[in-house]
Amino acid sequence: MPAPRLVGGPRPHLLVAGRTHLLEIRRSARSARLRLRIDPKRGIVLNLPPRVSLKAGLAFVERELDWIVAHLDRLPAPVPFRDGAVLPLLGVPHRITHAPDRRGFVWREAGEILVAGGAEHLPRRVRDWTRKVAKEEISHRAEKYAARIGTSYSGITLRDPASRWGSCSSTGRLNFSWRLLLMPEEVMDYIVAHEVAHLRHMDHSAAFWALVDEMHPGVPAARKWLRINGADLHKYGVEPEDRL
Ligand SMILES: [Zn+2]
């Protein structure tokens, strides 16, 4: 097997064991140093600080080839939305089952996610459905926590960020990853409580953590679960070609 190598040019990529992995290069005013990460969806991402040249960035990638190859190996295999795939809804395994003869769109029934209609529509239908259910689950928790501490937020946005589960803007908007839907309830509760607590304290001060503890018991257990299992959640709903 030829050694892994970096191929430069207009679309820099890595050749590893006969496979092409595109290198996504991001200029970020916020990053203070060169940083490489392996993202389950985007692949290999290189963050370039403002004053570092592309050439220096590629030389850095060259030096880190062994690290990259080791991490590519450890990425969990993608679990695209297909008939037979299993999704942990609120931490409980649910099998996606294509039901072409049934009426309706997508619904949950006895440990399964049933999907009507043509097979070609199944991935998109499951995708839309998971976003909708995630929004419902997150919204009712956010309302409950906000009421409990006597505050309010201006809205909830669902996204699919690579490295954070939630955030709170200075205008009082809450952002969450739809993947919270794939976590056990107590972990989802913790993340929602955490972001709602930021409506009171826009920092991670002792006062902030005291408030989170008051709102949600079991913060250490939830954080531990995320450390161990969080990255794995990024394999769901990923089409194999997305990673190329
Ligand atoms: Zn925070």
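The values are calculated or read from the model by the stated rules, or taken from the named source; none is laboratory data. Everything numeric here is computed off the predicted structure, so don't read it as measured data. Using ideal geometry, Cβ is built from the backbone for each residue, glycine included, and neighbour counts are taken over all protein chains shown.
For this structure, a couple of remarks:
- Scanning the stretch 198-244 for residues being at pLDDT 95 or above, charged (D, E, K, R) and either part of a helix (DSSP H, G or I) or outside the structural domain of ASN175 (by TED's automatic domain parsing) (or both) gives a total of 4.
- A Cβ distance below 8 Å, combined with a sequence gap of six or more or placement on separate chains, defines the contacts here; from the stretch 124-146, residues that are farther than 19 Å from TRP107 by Cβ reach residues that are of a type in the set (Gly, Ala, Ser) and surrounded by 16 or more Cβ atoms within 10 Å (Cβ to Cβ) in the pairs ARG141/ALA193; TYR145/ALA193; TYR145/ALA197.
- Among residues of the stretch 185-213 that are under 18 Å from GLY172 (Cα atoms) and away from the ligand (no atom under 11 Å from the Cβ), those with a Cβ under 8 angstrom from a residue that is in a helix (DSSP H, G or I) and among the β-branched types (Val, Ile, Thr), sequence gap 6+ or separate chain, pair up as VAL192/ILE138.
- Residue pairs whose Cβ atoms lie under 6 Å apart, separated by 6 or more positions or on different chains, with the first residue in the stretch 32-61 and on the phi < 0 side of the Ramachandran plot and touching a residue at least 40 places away in the same chain (Cβ under 8 Å) and the second surrounded by 18 or more Cβ atoms within 10 Å (Cβ to Cβ) and assigned to a helix (DSSP H, G or I), are PRO40/HIS234.
- Taking the criterion of being under 16 Å from HIS194 (Cα atoms), under 24 Å from the mean Cα position of the chain (by Cα) and exposed (fewer than 15 other Cβ atoms within 10 Å of the Cβ), no residue of the stretch 145-154 qualifies.
- Residue match in the stretch 114-134 (condition: in contact with a strand residue (DSSP E or B) (Cβ under 9 Å, 6 or more places away or on another chain) and either among the hydroxyl-bearing types (Ser, Thr, Tyr) or within 16 Å of the ligand (Cβ to nearest atom) (or both)): yes
- Every test in (1) of a type in the set (Gly, Ala, Ser); (2) farther than 30 Å from HIS21 by Cα; (3) within 14 Å of the ligand (Cβ to nearest atom) is passed by SER177 save one, and that test is (2).
- Qualifying positions in the stretch 73-87 - surrounded by 14 or more Cβ atoms within 10 Å (Cβ to Cβ), within 19 Å of ALA162 (Cα to Cα) and touching a Pro at 6+ places or on another chain (Cβ under 9 Å): LEU75, PRO78, PRO80, PHE81, LEU87
- Residue check for VAL52: in contact with a His (Cβ under 9 Å, 6 or more places away or on another chain) and over 20 Å from GLU239 (Cα atoms): no
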